[in-house]
Amino acid sequence: MEYSLDYLRVSIYAIDKDEEKRITQTNIAHGTIAENVKYLYEYRNKKQKAKPFICTKIMHVDENTDARFKAMFSDKSDEQLVDISWNIPKLKEESLDKLYGSKENGELAQQSYLDSALYKQRKVCRYPFTHITIRNNGDAVVCCQDWARDTKLGNIQKKTLEQIWTSKTLYNFRVMQLKIKGINHPLCATCELTLRDSAEDNLDDLPIERLSFKE
């Protein structure tokens, strides 16, 4: 609230203790994340604030798990989102195998995504204009999906966030999005995040001339 955060999305990896430990490979006490989300939700309401909007998200496994997740977080968040899983391009680890417990189940989840994929449509991505993601080693990338660091902009141990945000590297990435909408980019080519944006986030008609760069 004090830092004017508009939107917070919290990823929930499992709602059962053993499954949570298997997927995350951590020893975080089961329920800790839910308790923290509930605390923030209640604190915001106590302060009579409208922001941040709090969204909790889980990847679809089965209808029963989806329903249990929504019931668990219905009094702790403003939205309970169930997302479709897909393998991230160039990621060495088979993330879906881990999430779904086996290679066969991972392949079924991937096929489910491909059957409903929208990425063959093209839209300008708003992320380089609105977001920066910092990885655990300090690398700054454009997108939260960029585990392979194909959109690396620099490192906050060597440059400030302002320097990265106003860099020629990010400027060129924005121009690329406006010109060709990421069609030849190793990460952007099969991404459909932009196709799930709201209408007010559409940048397709933004003229490149609106951008500027100063050394």
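Identify all residues within segment 22-45 that are more than 22 Å from Ser74 (Cβ to Cβ) and in a helix (DSSP H, G or I); write none if there are none. Across segment 22-45, the qualifying residues are Arg22, Ile23, Thr24. Contact map, segment 159-179: residues that are free of Cβ contacts under 8 Å to residues at least 60 places away in the same chain paired with residues that are among the charged types (D, E, K, R), Cβ distance under 8 Å, separation 6+ or inter-chain. Pairs shown: Thr166/Lys214; Ser167/Lys159; Lys168/Glu215. Surrounded by 17 or more Cβ atoms within 10 Å (Cβ to Cβ), in contact (Cβ under 8 Å) with a residue 60 or more places away in the chain and within 19 Å of the chain's Cα centre (by Cα): is that true of Ile12 in this structure? Criteria met by Ile12.
Scanning segment 181-192 for residues that are assigned to a loop (DSSP other than H, G, I, E, B) and in contact (Cβ under 8 Å) with a residue 40 or more places away in the chain yields a count of 7. Here the condition is being closer than 12 Å to Gln121 by Cα and in a helix (DSSP H, G or I); of Leu195, Leu178, it holds for Leu195 alone. Residues that are under 13 Å from Ile15 (Cβ atoms) and either surrounded by fewer than 12 Cβ atoms within 10 Å (Cβ to Cβ) or at pLDDT below 90 (or both) within segment 33-57 comprise just one, Ile33.
Is it the case, given these coordinates, that Gln177 is surrounded by 15 or more Cβ atoms within 10 Å (Cβ to Cβ), in contact with a Cys (Cβ under 8 Å, 6 or more places away or on another chain) and under 25 Å from Ser11 (Cα atoms)? Spelling it out, it is not the case that Gln177 is surrounded by 15 or more Cβ atoms within 10 Å (Cβ to Cβ), in contact with a Cys (Cβ under 8 Å, 6 or more places away or on another chain) and under 25 Å from Ser11 (Cα atoms).
The values are calculated or read from the model by the stated rules, or taken from the named source; none is laboratory data. These figures come from a predicted structure and were not determined experimentally. FYI the Cβ positions are ideal-geometry reconstructions off the backbone, even for glycines, and counts take in every protein chain you see.
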